[in-house]
1. Can you give the angle from 0 to 90° between the axis of helix 314-330 and the longest principal axis of the chain, with both taken from C-alpha atoms, to the nearest 10?
2. Hey, can you rank 213-219, 149-155, 133-139 by average C-beta count inside 10 Å, highest first?
3. If one computes the Cα centroid of the stretch 138-159 and of the stretch 62-111, what distance in Å separates the two points?
4. Please give the contour-minus-distance gain from residue 144 to residue 221: 0.36 nm per residue of separation, less the Cα-Cα distance, rounded to one decimal in nm.
5. Would you mind pulling out the separation of the Cα centroids of the stretch 359-381 and the stretch 201-240, in Å?
6. Pull out the extension gain between residue 70 and residue 162, defined as 0.36 nm times the separation in residues minus the alpha carbon to alpha carbon distance; nm, one decimal.
7. Arranged from highest to lowest average of other beta-carbon atoms within 10 Å per residue, in what order do the peptides 194-202, 234-242, 221-229 appear?
8. Taking 0.36 nm per intervening residue step and subtracting the Cα-Cα distance, what contour gain separates residue 337 from residue 390 on full extension?
């Protein structure tokens, strides 16, 4: 009886070859990543971020990229690298950041360390693994094709962790020229799901001004700002609508000076998350329509929605479908997730540009002392990214 032979489809065969290519180079990817992690880059230290930017820029230039430095005064410079391609198609934008949330000196207590399948260190997951994957995916495509199959633009910003105020205009300008945006932020969970939806983010401040007085001698002459703020907090908390994916969280409050003084001032910092762009105007209107319960108090509302939501549009779904097909050929089922946190992908998706997020490293502990990536996942993440650049 003749033995049955399993026929390997060309796409599957090619995917296997590519996965083997990156597996053979896993230690090179790891070495690149360790170098990036060991160069600390907190958002508020321009010199440190600029040093890392110079190192990363040199690596992209060595691959043939054309460098543009977008200089920033208060934060590190933003790095744009353009690669020509065989086709005249619109470029794919690879988006990320190299600032981290950890203060300078964190490496002393949170070293970059290899243990079993884990690499730890500040920013290793969020998102220096994404930068390393960008570099090695582009290098692979050039190795395979001689030149990139299509134009690619890389944008790495320095202020994503603190709101992207100085980089947003650059991100949006480049996104408008792109066919699609691939965001190399960390994947979701140990299964490595990509992110097809993110909530929009808003930050508001409620400031109450009352009137100070001696709490014992002139209690009735005072106007208690903290009491007024407490009533406002109860009101805005009621704006939460879980069915719509809208949450309002009062995260920081402050006020008063001494226990024997009726407080003249009090403030609250409020975090707002929205799942749908159409809810942005409504929650903003509610926040700005707040009026004081005690007419002797003055109320001041500042802030607003600073990141639109990334909604799962048809363009996002189409990108995800391509990623699923590539992952299937590579031998695994790629999941998707909707998350509450925002990224610069919110800006690009908000413009209607097809955007797929969470293509970076697989691991856990972003912004935490146990932050780490799984080294074994690096080859197939790189293969996925390379495949997406080709197929968009």
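What follows is calculated from the coordinates using simple rules that are stated; it is not laboratory data. Computed from a predicted structure; not experimentally measured. With ideal geometry, Cβ positions are generated from the backbone for all residues, glycine too; neighbour counts draw on all protein chains shown.
1. In the chain, helix 314-330 runs at an angle near 40 degrees to the longest axis.
2. Numbers: 213-219: 11.9, 149-155: 23.0, 133-139: 25.1.
Going by the mean number of other Cβ atoms within 10 Å, highest first, we get 133-139, 149-155, 213-219.
3. Between the Cα centre of the stretch 138-159 and that of the stretch 62-111, the gap is 12 Å.
4. Numbers: separation 77, 0.36 × 77 = 27.72 nm, distance 7.89 nm.
Using 0.36 nm per residue and subtracting the Cα-Cα distance, I get 19.8 nm.
5. Here the two parts' Cα centres lie 43 Å apart.
6. On the way: separation 92, 0.36 × 92 = 33.12 nm, distance 1.75 nm.
Length gained between residue 70 and residue 162: 31.4 nm.
7. Details: 194-202: 24.2, 234-242: 13.6, 221-229: 20.7.
Per-residue Cβ counts within 10 Å, averaged per peptide and sorted highest first, yield 194-202, 221-229, 234-242.
8. Values: separation 53, 0.36 × 53 = 19.08 nm, distance 2.35 nm.
Contour length minus the Cα-Cα distance gives 16.7 nm.
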